[in-house]
Amino acid sequence: MSLSMVALVVSLAAALVLGLTSWVPKVLARDIGVADVEPGLLEVAQGARGVQSLGAGLSVALYDSGFRLSRGSTVLADTVTRGAPVTAVRGSLGEVDDHPREEVSAELMHVRVDGVRRVDDTVEYTGVVHDGETTLPLRIGFEPTDGRIRMEAAVPGADALAIHLDWRPATTGIAPALPERNLRERAYWVDPSVVEQPAFTWVLGTDVSIGPVQVPRAVDLRQDGRIAVHVWSPRAVVTVTDTPRPA
């Protein structure tokens, strides 16, 4: 190899290293502080399975594969396929680079749904979350609100909850809650100043809001086949609507 070729290779290598050193931190900064919280197994009692009407054409269905939110025959959202819709987290929040950092000490990733009942306008599922050793009570309610479906999961004794949604193409952030871009293969913290409004949309044409708004929230799309919504509270709310947004 000639000296000119050697010089060219060295300069290209140096440029590559320089590019990586400036690019990698920016990529990592998007994901920093969000733990990979996985769903476990879902077990559904026979009496809890089936479709429940929420009125105005809205419904929620639960089978061994998970929950499905619908308006008539139109799917609004699914929880992760053949996995637990909720993981209860025990741990704490730190801070790095002006963003929260999740410190997870335990994950209660398995869900058992024992029953379903109607409380006023809400369809409420009850059961437990567990990790094989520790068990905590679980309640998941679905309520129609102005044409939307509001899903609220509550696990007393948990520090945070992760709601696992089935992945859909073109999951795009809605400003100012999340960056207005395709969110694939990244994790993001929801802007803490944002009040109740949609955080992202997807190919289904529905918008998804995350609450409660007073606590740190994040969206994680780094794993294939699922979207994990993190909420640092023993109560997490995901609201799904197919109402068109203003242009």
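The values are calculated or read from the model by the stated rules, or taken from the named source; none is laboratory data. Quick caveat: nothing in here was measured; it's all calculated off a predicted structure. Note that each Cβ is placed from the backbone with ideal geometry, even for glycine, and that neighbours are counted across all protein chains shown. Remember, those area values only see protein heavy atoms, side chains included, never the ligands or the DNA or RNA. Shrake-Rupley method; radii C 1.70, N 1.55, O 1.52, S 1.80 Å.
Based on DSSP H runs of at least 4 residues, each adding -39500 (n - 2.57), what is the mean residue ellipticity at 222 nm of the chain after dividing by all its residues, to the nearest 500 deg cm²/dmol?
One gets -4000 deg cm²/dmol as the mean residue ellipticity at 222 nm.
Report the rotationally averaged projected area of the chain based on its alpha-carbon convex hull, in square nanometres.
17.3
Modelling each spin label as a point 7 Å along the Cα-to-Cβ direction, I'd like the R101/E43 distance in nm, to one decimal.
3.7
Using only the alpha carbons, work out the radius of gyration and Dmax of segment 163-237 in angstrom.
Looking at segment 163-237, its Cα Rg and Dmax stand at 11.1, 30 Å.
Given the Cα-Cα distance of T134 and E196 and 0.36 nm per residue of separation, how much length would full extension add, in nm?
Length difference between fully extended and current span is 19.0 nm.
Within a Cβ distance under 9 Å of V155, other residues only, what is the Lys/Arg minus Asp/Glu net charge?
+2
Under a Cβ-Cβ cut-off of 12 Å, what is the net charge of the residues other than T239 that fall near it, where Lys and Arg count +1 and Asp and Glu count -1?
Taking every Cβ under 12 Å from that of T239, the sum is -4.
Using a cut-off of 12 Å between beta-carbons, work out the net charge of the residues near A170 (Lys and Arg +1, Asp and Glu -1, A170 not included).
So the environment of A170 carries a net charge of +3.
Determine the percent antiparallel among the DSSP beta bridges restricted to the chain, to the nearest 5.
Approximately 95 percent, going by the DSSP bridge assignments.
GluC sites (Glu not before Pro), restricted to segment 146-247: which are DSSP loop and have at most 16 other Cβ atoms within 10 Å?
E180, E185, E196
Once you mark the trypsin sites (Lys or Arg not before Pro) that are in a DSSP loop and have at most 16 other Cβ atoms within 10 Å, what is the longest gap between them in the chain?
Result, exposed sites excluded: 83-180.
Relative to the present Cα-Cα distance, how much length would full extension add between L93 and V203 at 0.36 nm per residue of separation?
Between L93 and V203, full extension yields an extra 36.4 nm.
Solvent-accessible area per residue for segment 106-247 at a 1.4 Å probe radius, Å²?
43
Could you give the length gained by full extension between R168 and R82, i.e. 0.36 nm per residue of separation minus their alpha carbon distance, to one decimal place?
Extending this stretch completely gives an extra 29.4 nm.
Tell me, what is the percent relative contact order of the chain, built from C-alpha pairs under 8 Å that lie six or more residues apart?
Relative contact order for the chain comes out at 17 percent.
Kindly provide the pair-distance distribution of segment 110-247 built from C-alpha pairs, with 5 Å bins from 0 and whole-percent values in order of increasing distance.
That works out to 2, 10, 19, 22, 21, 15, 8, 3, 0, 0, 0, in percent per bin.
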